[in-house]
Amino acid sequence: MALLELPVKNKQKKEEAPEDALTGTPGTRFSRHLILCLVGLVMLYPLLWLISSSFKPSNDIFRQLGLWPENWDFSNYEQGWNALNQPFHVYLINSLIVVVFSIIGNIFSCALAAYAFARMEFTGRKLFFALMLGTLMLPGHVLLVPQYIIFSQLGWLDTYLPLIVPNFMATNAFFIFLMVQFMKALPKELDDAAQIDGCGPFRTFLRVIMPLCIPAMATTAIFTFISTWNEFFGPLLYIQNQDLYTVPLALRAFMDSEGQSMWGPMFAMSVVSIAPIIGFFIAGQKYLINGIATAGLK
Amino acid sequence: MSVLTKQASGAAAALAAPARGTPKRGPSRRTNQRSGYLFLLPWFLGMLFTIIPFFASLYLAFTDYNLFTEPNFVGLANFQAMFEDPRLLQSLKVTFIYTFVSVPISLGIALLVALVLNRGLSGLSIYRSVYYLPSLLGGSVAIVMLWRYIFGNDGIVNGFLGWFGIQGPAWVTDPEFALSTLLVLNVWTFGSPMVIFLAGLRQVPTMYYEAASIDGASKWRQFRAITLPLISPIIFFNLIMQLIGSFQTFTQGYVMSGGTGGPADSTLFYNLYLYQKGFTEFEMGYASAMAWLLLMIIAIFTAINFIASKFWVFYDN
């Protein structure tokens, strides 16, 4: 898999390359900054507009292109919070339940598998590893119909189990791959030393390797958070009961029922729904950037 | 991160020292075997949960399964029906246009911005974050909804065009323009390939450029002769991942059109149609056949890319 190995090479030189010497004359440097700032502004404008619109009265939203609200209206948040069947925090809590269990599941199952692939010897290891890499490229929709049938026969429709349980079965090969790369970089002597001190494989994993893998686990946790928080297709398929809606489903229901008139409240709830992602992004940038540079995660 | 590894190796050296000279011991090969499989237990379960549905869906593709009655084997009927299904052909067209327009554009922009950012700028990490943030949000319902209003009749795009006296079209409701709003959305998320490019560019040794400029090579020539070959594996990687991802677009089409793929099927992405067939019309045999067609399309494009890569991707081994 030359395809996947190359981006991984980046990991070897993990430490941020030192700031290169500045190039160009002050003039070209200035124009570069000017262009980059303009591009950045264009990129951020939709988000800024969304945030500012959430503070405008619905009637003003499409009349003013400006970002600064002329009439501040905080009632959008209150109205939006109570516009659906349940107050909005119910949907936030629903999403949070799915996210927390998905994170726990991904971290444990993927770390276990990664430890076996990275640091243990057993028959079939290479074959299984190749199989694991193969599933990286498998489009999920191929499995969709049979998985749906299995979940419905288990009576799991309208529960969060179809969204959570697969994460406990190391089905996310990206995270296994990321952790394998990370664990391979740890010195082999660690396992030997732990073994001599009487640790079995599981204790070695739990006490020696896991604590050293905190950065890789943080990356996994943040990516799981963001993808699960945004996840629309799974909940759309498995959750019919409105009281169990996750945030994306709730927003979609909002748009369908009120989207033609209550722009302000809808934008307010949109802001509420993306705020955790932006928060996690700001808090965990380092791990995110390392993660995509290492395993090509999105 | 490197600090941790250093600490770890220090600890390991300290721990290993007294053991020197003792004969190599440790659990027998058999226990090691067993615990290897034990660690993989969740993964084995996951593989079962992948492999069984994989073959089940292959089987269902040749049946008329509808979730309520027993499946009957119908041979190639689903595949024949697909090629006579105008909505299916439309969904392929939408998905292809989306992929082959937005992937090259967003990769081009990603590479260009990465090149500029790699030229030694103060504030690199701020720019990188600002450009990267949209790619975390592009798949969220909130942003696709926002896009609907940005491109709405009296949305900010038409407002902006109005400053120049241009009467913008009804982007969202005109079949000719609806897909283009989603192309823009996809290009907006160029940040994640950009970060991968940037990581790759940082690995190119600066001495190559120094040597080249001593020899009098122009910037353009340096880019062609040094940068491009050395990051070609990364271009290749990004291309494959973006293609695979964009063939499977769903949320954007669904939210933009309220689940219909409209107006006039102009945002009917392949997976959206698959969803409609399988889960609103319950033609699950047909939906399985569609899934396999998509798998084959993706496999073919990936294979073409791998073969073509022999001619343009440079591996420095």
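Computed values, structure above
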| item | result |
| --- | --- |
| Chymotrypsin sites (Phe, Trp or Tyr not before Pro) restricted to region A:26-79 and DSSP loop, no more than 13 other C-beta within 10 Å | A:W72, A:F74 |
| Cβ-placed point charges (K, R +1; D, E -1), dipole of the protein assembly as shown about Cα centre in debye, nearest 20 | 2600 debye |
| Charge dipole (chain A, unit charges on Cβ, about Cα centre) - positive-most of A:I292, A:F223, A:M255 | A:I292 |
| Span-rule helices in chain A, defined as complete DSSP H runs reaching 15 Å or more along the axis (Cα) with Kyte mean at least -1.0 | A:2-12, A:26-53, A:88-119, A:125-136, A:141-153, A:173-184, A:214-230, A:247-258, A:263-295 |
| For region B:57-66, 3J(HN,Hα) per residue [Karplus equation, 6.51 cos²θ - 1.76 cosθ + 1.60, θ = phi - 60°, Hz, x = Gly/Pro] | 6, 4, 5, 4, 4, 9, 10, 9, 3, 9 |
| Table column - 3J(HN,Hα) (Hz), region B:230-243, Karplus curve with 6.51, -1.76, 1.60, x for Gly and Pro | 6, 9, 4, x, 6, 4, 4, 4, 4, 4, 4, 5, 5, 4 |
| Local net charge near B:T173, Cβ-Cβ under 15 Å (Lys/Arg +1, Asp/Glu -1) | -3 |
| Per-residue ³J(HN,Hα) for region B:253-260, Karplus 6.51 cos²θ - 1.76 cosθ + 1.60, θ = phi - 60°, Hz, x for Gly and Pro | x, 5, 6, 4, 9, x, x, 8 |
| For region B:176-317, size of Cβ-based charge dipole, Lys and Arg +1, Asp and Glu -1, in debye | 400 debye |
| For A:118-124, mean number of other protein chain Cβ atoms within 10 Å | 5 |
| For B:T63, distant residues with modelled amide H under 5 Å away | B:V74 |
| Charged-residue dipole, Cβ positions (Lys, Arg, Asp, Glu), region A:181-298 about Cα centre, Debye nearest 20 | 280 debye |
| Sites B:A225 and A:V42 - FRET efficiency at Förster radius 30 Å, r taken between beta-carbons, to 0.05 | 0.40 |
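Here, each number is a calculation from the coordinates, and none is a lab measurement. Remember, it's a predicted structure, so these values are computed and weren't measured experimentally. Positions of Cβ are generated from backbone atoms using ideal geometry, with glycine treated the same way; all protein chains shown enter the neighbour counts.
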